[in-house]
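Right, one structure below, let's go through it.
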Amino acid sequence: MLKKYSFSLTIAVITSCIITAFVSLLIFYLGSYQPIISIAVFLISFFTIWITIIIKTANVDRKIRKLYHNVFNLKRYKEASIPEYIDEISEQVTLLSQQKVKEIDVLTERENYRREFLGNVSHELKTPLFSIQGFLLTLIEGGVEDEKIRYKYLNRINKSVDRLGYIVKDLDMISELESGKIQIAPKSFNIVAVTQEVFDLLEIKAQKQGITLQFDEEYNNIKVIGDLERIQQVMVNLVVNAIKHSNKDNTTVTVSFKNENQNIQIAVHDNGQGISQEDQQRIFERFYRVDKSRNRKKGGSGLGLSIVKHILDAHGEKINVESKLGEGSTFYFHLKKI
Ligand SMILES: Nc1ncnc2c1ncn2[C@@H]1O[C@H](COP(=O)(O)OP(=O)(O)O)[C@@H](O)[C@H]1O
Ligand SMILES: [Mg+2]
């Protein structure tokens, strides 16, 4: 670019010199005027052309500087040379367009995600709602007269209402966690005691499936720092999943604690169906369930692990999974100990 620019400038200067010299010589040889006048004409026309060229180039230069300054708002434009601006402008334009392409990709992905999310929410809410409608209709159409049917259907309605309640509660929690509204309130607590409370809460559920909840060894008091209620929620979600996905009877769900430098590793282990490598990448997404048929038998909305992930994110920690199909799964995370 610069080469083109200086080449045109040189040609313009040489041409102007030749023309002015030629005009002056012509006037001088024709002898119509004094030589002094010819020289004056030569000088005037020569300088006029030069001044025009300088003004023009200065304008171009100023315009480019101004464009450069406006577009990129850089102060150092004063020191840069024209080809540098141009190189940098094209570099910046390339960068900007790459950035825009990336932004469009992210927005498209988000839009797809949002659409999928809304579809999932509506699906999750519709299922228990339709059940309730069906049961109510049966009762209204005469079922209410029969005590047995009445009891059975009211019970089912009650279960569907519970399910709706859980989904709405989980959705509330997810949206609060995602909007960053929930602030974690870290304090020190005994993680063994918290886990024991979770075991007490889920004992009956586990027993119904022939599952024993246990620690891998005797623990006393392990003090950690975190938000007690939220960590309790993490433990509930992980233990519920372990119970739910332990297929076999007479099996165990085991919680273990391991010292790791400043941290405690907390692990929930089951001998259940396991999760494939492919699904392990996705189970922390909202509504993702390995069981694509969305089998109601095991319940769940597919929000549990997403909530776990958010809560641990807020603690600056990660949830990890190790699992083998048919052998079982271990979900583990860390908390700072004191
Ligand atoms: N311990 C586990 N063993 C096998 N699969 C599991 C386990 N925990 C979670 N999963 C799989 O991950 C999916 C997502 O879990 P989660 O978010 O808790 O949803 P939900 O339990 O409501 O289905 C489950 O549907 C299940 O397929
Ligand atoms: Mg779950």
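Read the figures in this text as sums done on the coordinates, not as results from a lab. Remember, it's a predicted structure, so these values are computed and weren't measured experimentally. Positions of Cβ are backbone-derived with ideal geometry, glycine not excepted, and every protein chain shown enters the neighbour counts.
Over all alpha-carbon pairs of the stretch 117-178, lay out the pair-distance distribution in 5 Å bins, whole %, shortest bin first.
Each 5 Å bin holds this share of Cα pairs: 4, 18, 22, 19, 13, 10, 8, 4, 2, 0.
Find the relative contact order for the stretch 117-178 and round it to a whole percent, using C-alpha pairs within less than 8 Å whose residues are 6+ positions apart.
37
Quick one: length gained pulling E322 to I36 fully straight, 0.36 nm per residue minus the C-alpha distance?
Result for the pair: 93.0 nm of gain on full extension.
How much length is gained on full extension from R282 to Q99, taking 0.36 nm per residue of separation minus their Cα-Cα distance?
Extra length from R282 to Q99 when fully extended: 63.2 nm.
Using a Förster distance of 30 angstrom, determine the FRET efficiency expected from the C-beta separation of E178 and N155, and round it to 0.05.
For R0 = 30 Å, the calculated efficiency reads 0.30.
Treat each spin label as a single point 7 Å out from the Cα along the C-beta direction, and report the I14 to I82 distance in nm.
1.8
Quick one: check the C-alpha center-to-center distance for the stretch 200-258 versus the stretch 113-129, whole angstrom.
29
Which of the aspartates and glutamates could be linked to K187 by a straight reach, that is with a Cα gap under 16 Å, when you skip same-chain ones fewer than 8 residues away?
Partners found: D227, E229, E317.
Based on the mean of other beta carbon atoms within 10 Å per residue, what is the order of 267-276, 118-127, 98-107, 245-254, most packed first?
On the way: 267-276: 19.7, 118-127: 14.6, 98-107: 10.0, 245-254: 16.3.
Ranking, from highest mean packing down: 267-276, 245-254, 118-127, 98-107.
Please compute the modelled spin-label separation between H123 and F22, points set 7 Å along Cα→Cβ, answer in nm with one decimal.
Modelled inter-label distance: 8.3 nm.
With only Lys, Arg, Asp and Glu charged, each at its Cβ (+1 for the first two, -1 for the last two), find how big the charge dipole of the stretch 187-337 is about the Cα centre; round to the nearest 20 debye.
Magnitude of the dipole: close to 580 debye.
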